[in-house]
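This report concerns only the one structure given below.
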């Protein structure tokens, strides 16, 4: 059985609209990079899971680049978090 690897962000926002706005920013970056996270949004709780399916669900440079961009968005939108 193969071991899957992920980078995971579990984020809690002040409101659903804050979470949606954050996710929109992540989506724009993901589209630009051509690499998309798995997303789970439940009210103010957002989970992003980064892995590369084509590499057997391993963490690759694509995931690291996306994570760097997500970190920038987190810093820019820090007031949105609960």
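The values are calculated or read from the model by the stated rules, or taken from the named source; none is laboratory data. Worth saying up front: this structure is predicted, and the values here are computed from it rather than measured. Positions of Cβ are backbone-derived with ideal geometry, glycine not excepted, and every protein chain shown enters the neighbour counts.
Here are some notes:
- Residues of the range 41-63 that are under 11 Å from the mean Cα position of the chain (by Cα) and not in a strand (DSSP E or B): 51, 63.
- Residue within the range 70-79 that is at positive phi and either at pLDDT below 95 or under 10 Å from the mean Cα position of the chain (by Cα) (or both) present: no
- Which numbered condition residue 22 fails, given (1) over 14 Å from the mean Cα position of the chain (by Cα); (2) surrounded by 16 or more Cβ atoms within 10 Å (Cβ to Cβ): (1)
- Listed by first and then second residue, the pairs linking a residue in the range 30-49 that is surrounded by fewer than 14 Cβ atoms within 10 Å (Cβ to Cβ) to a residue that is modelled with pLDDT under 95, with Cβ atoms under 9 Å apart and 6 or more places separating them unless they lie on different chains, are 38/6.
- Qualifying residue in the range 23-40 (condition: assigned to a helix (DSSP H, G or I), modelled with pLDDT of 95 or more and in contact with a strand residue (DSSP E or B) (Cβ under 8 Å, 6 or more places away or on another chain)): yes
- Looking only at the range 1-22, and only at residues there that are part of a helix (DSSP H, G or I) and either touching a residue at least 24 places away in the same chain (Cβ under 8 Å) or touching a helix residue (DSSP H, G or I) at 6+ places or on another chain (Cβ under 8 Å) (or both), the one that is nearest to residue 66 (Cα to Cα): 22
- Only one entry of 70, 74 meets the criterion of being touching a residue at least 24 places away in the same chain (Cβ under 8 Å) and touching a strand residue (DSSP E or B) at 6+ places or on another chain (Cβ under 7 Å), and that entry is 70.
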